[in-house]
1. Rounded if a/c is under 1.5, else prolate if a/b is larger than b/c, else oblate: which is the range B:97-170, with a ≥ b ≥ c the root eigenvalues of its Cα gyration tensor?
2. Return the FRET efficiency for the residue pair B:Lys93, B:Leu15: r is the Cβ-Cβ distance, R0 is 56 Å, and the value is rounded to the nearest 0.05.
3. Using square roots of five times the C-alpha gyration tensor eigenvalues, list the equivalent-ellipsoid semi-axes of the range A:83-135 in whole Å, biggest first.
4. What dipole magnitude, in Debye to the nearest 20, does the range A:62-222 give about its Cα centre under +1 on Lys/Arg Cβ and -1 on Asp/Glu Cβ?
5. Quick one: net charge of A:His132's neighbours, Cβ under 9 Å, K/R +1, D/E -1?
6. Return A:Tyr54, A:Tyr148, A:Tyr82, A:Tyr111 ranked ascending by Cβ neighbour count within 10 Å, so the fewest neighbours appear first.
7. If r is the Cβ-Cβ distance from B:Tyr119 to A:Lys139 and R0 is 35 Å, what FRET efficiency results, to the nearest 0.05?
8. With just the Cα atoms defining each centre, how far is the range A:61-124 from the range A:210-226? Give it in Å.
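Only the coordinates and a few stated rules stand behind these numbers; no lab work does. Small disclaimer: the values here were computed from a predicted structure and weren't measured. Positions of Cβ are backbone-derived with ideal geometry, glycine not excepted, and every protein chain shown enters the neighbour counts.
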Amino acid sequence: MTEPFKYYQRNKGASSVLVILMMVVLALFGLSALTASLATVRLTEKSGNWAGEYYLLEAEAEKVVAQLDKVLHDAESRAVGYMEEKAFLEEAGTVLPADLQKMVYLNMTEYLPESGRDAYLGRVMEAVYLTHAVNEIEKEFPGAELEYLDNIYGHVIEDEATSAVLFGLTVSEETDENAKNIDLLIEIVFPGYSIHFAGNEVSGTRLSGGLRYNIVEWREWQEAFGYSEDIQYADPVRD
Amino acid sequence: MRKFLWINNEKGFTLVEVIVSVAVLCLVCGIILRLFVTSDDLRENNLDIEKAQVTVSNIMEQLKSSDEPLPADMISEPDFDGSLTLTQYYDSKWKSVQSGDSPRFVLTAVLRPEDEGLYTEGSFGNSGESNPEASMLFGISISIRDVERARELASIVSAHYYRNMGVDHD
């Protein structure tokens, strides 16, 4: 019975089998390493694309901030113009509401003592600035939301705290699926001027480091990914 | 029993058989080794791309976080259109080197004014003093090139609004 199985005990050909096995194992390792490397390359590509899109979106948000500052710069220039023209000494005007303009006129010409006029003019200038700013923002940014923290004339009518307006806008990437967005919330503030009014002459100096706005929120978010139950055998984008 | 005769064959192999089998073995080994070499090339290449991506992001964040478009020690002469260019060199291990040290990677950041900017005088009437303020939107593009392989590894484009340029912040 042992005769037919004799060849099992021979070592001839075993080296070939070992070499083939080794080759197969090495080939498997090689393929695994290659697959892992290719997967990493694709991941790196994706992360590079993601960073590129993210910075492009940030650029759009920065452009919105620049455009807003342009509007505010114009409002500041017009507020300076209001002061230079001494429009606060006129009974009627086109910038402030008629009642408020009349009140400013009366305060400056009759009611306020000289010592209180400089500080009051600072608040009037702020009201003029915010009036121009709000009007222009509504024209330039139709999609923006404006939130008034106080009546923007409150500190002119009564001695209230400095008023502020919040500007809210969402900047989105131009794509249909999983769009990236940036929520902007910007507080519009008056940069502040030190005003001096004496002998019918008015002058003012901008406060050092004064800003026309403060960025309150800069929130980046992406729409949630949806999962498909279909099995995708290939990447349609790459293929 | 006749069919097992080849096992008991003591004749060995001819030279041609040995040469052919070694050739086949070499071919198979070459293919398998090629897999490893390709995989290693891809991995090294990918490491460079990842490093380049991190580097361009770092430089972008540095540029965006500063008050001025470029720090004075990094600045180049402005181009005719007012662009500022920053160039940095790296060796193959991503250590910063000088341009004369045969760098492997070259980073180029270009800041280009997007508009004429804003300027505020900071005073009116005869106030005697002023606090001027200037702001400008710059488009920023940063890229890294592999000089040895003559190709671009990473690039990003963004913009930043520099406000209160040249103004001391309290």
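1. Details: a/c = 5.07, a/b = 2.86, b/c = 1.77.
Judged from the Cα gyration tensor, the range B:97-170 comes out prolate (a/c at least 1.5, a/b above b/c).
2. Values: r = 50 Å, r/R0 = 0.89.
Efficiency, rounded to the nearest 0.05: 0.65.
3. Details: eigenvalues 65, 32, 15 Å².
One finds semi-axes of 18, 13, 9 Å for the range A:83-135.
4. Working: 12 positive and 31 negative charges, 96 e Å.
That gives a dipole near 460 debye.
5. Details: positive: A:Arg78; negative: A:Asp74, A:Glu76, A:Glu136.
That sum, taken over residues with Cβ under 9 Å, equals -2.
6. Numbers: A:Tyr54 18, A:Tyr148 13, A:Tyr82 21, A:Tyr111 10.
The fewest-first ordering by Cβ neighbours comes to A:Tyr111, A:Tyr148, A:Tyr54, A:Tyr82.
7. Numbers: r = 23 Å, r/R0 = 0.66.
It comes to 0.90.
8. Value for the Cα centre distance between the two parts: 31 Å.
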